[in-house]
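S.K.: Got a structure here, written out as structure tokens. Questions coming.
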Amino acid sequence: MDLAVPALGKKNHFMLMTALILIGVAAVLAGLIFSVVSRRPAGFQVTRSATMAAPAGVVFAEVNDFHRWPAWSPWEKLDPAMQRKYEGASAGTGAIYAWEGNKQAGAGKITITESRADELLVMKLEFTRPFPAKNTVTFRFEAVEGQTRVTWTMSGVNDQFIFKLMTAVMSMDKMVGGDFERGLAQLKGVVEGKAKG
């Protein structure tokens, strides 16, 4: 009795086995990626500092009032048609700034929750686009030899898988740090110009 598989059957059998092996390898890789990404920390913190030749009161005033942010914020020029809305207090605790922009600018709102003159600002930052997130933003102002050292920090927790996967490829520090540096440089230009004037 001849049990040999016909030539066409051997080819189909080989293709089937190859496909099953590839599916198995893909499943194992997907499982490994899921396992590694799921174990990544959900918390993050991004911090940048700059020293400015201006009194703390001058620097603080620019950050404490959302109406002044267009002059220095690194995100204000991402969308020339961005819609802005100011609510609550005109400045300081309770002031709210909401925006709705293009794909780059996204949408969300930021609320000042604590304002200590010339020392500290704490804000609640809520994104609705491109993905929902809630973060805490702080600005610290410290007098240093007649100048002001400004420290800008954003921290938060996001345990969504897509966020962890995104930060596995590129850290929040790399994604946002450059914007903070640009914003602080622009703020420095604004406040040093005012201090000289």
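S.K.: Cα extents of region 43-196 along the three principal axes, largest first, in whole Å?
M.R.: That works out to 47, 30, 27 Å along the principal axes.
S.K.: Something else: Give the value in nm², to one decimal: projected area of the alpha carbon convex hull of region 34-131, averaged over all directions. Could you put the intermediate results ahead of the total?
M.R.: Working: hull surface 32.2 nm².
Approximately 8.1 nm², given one-decimal rounding.
S.K.: How large is the convex hull of the C-alpha atoms of region 39-84 per residue, in Å³?
M.R.: Values: hull volume 6.7 nm³, N = 46.
Per residue, the Cα convex hull of region 39-84 comes to 146 Å³.
Laboratory data are not the source of any read-out in this text; all were calculated from the coordinates shown. None of these values were measured; they are calculated from a predicted model.
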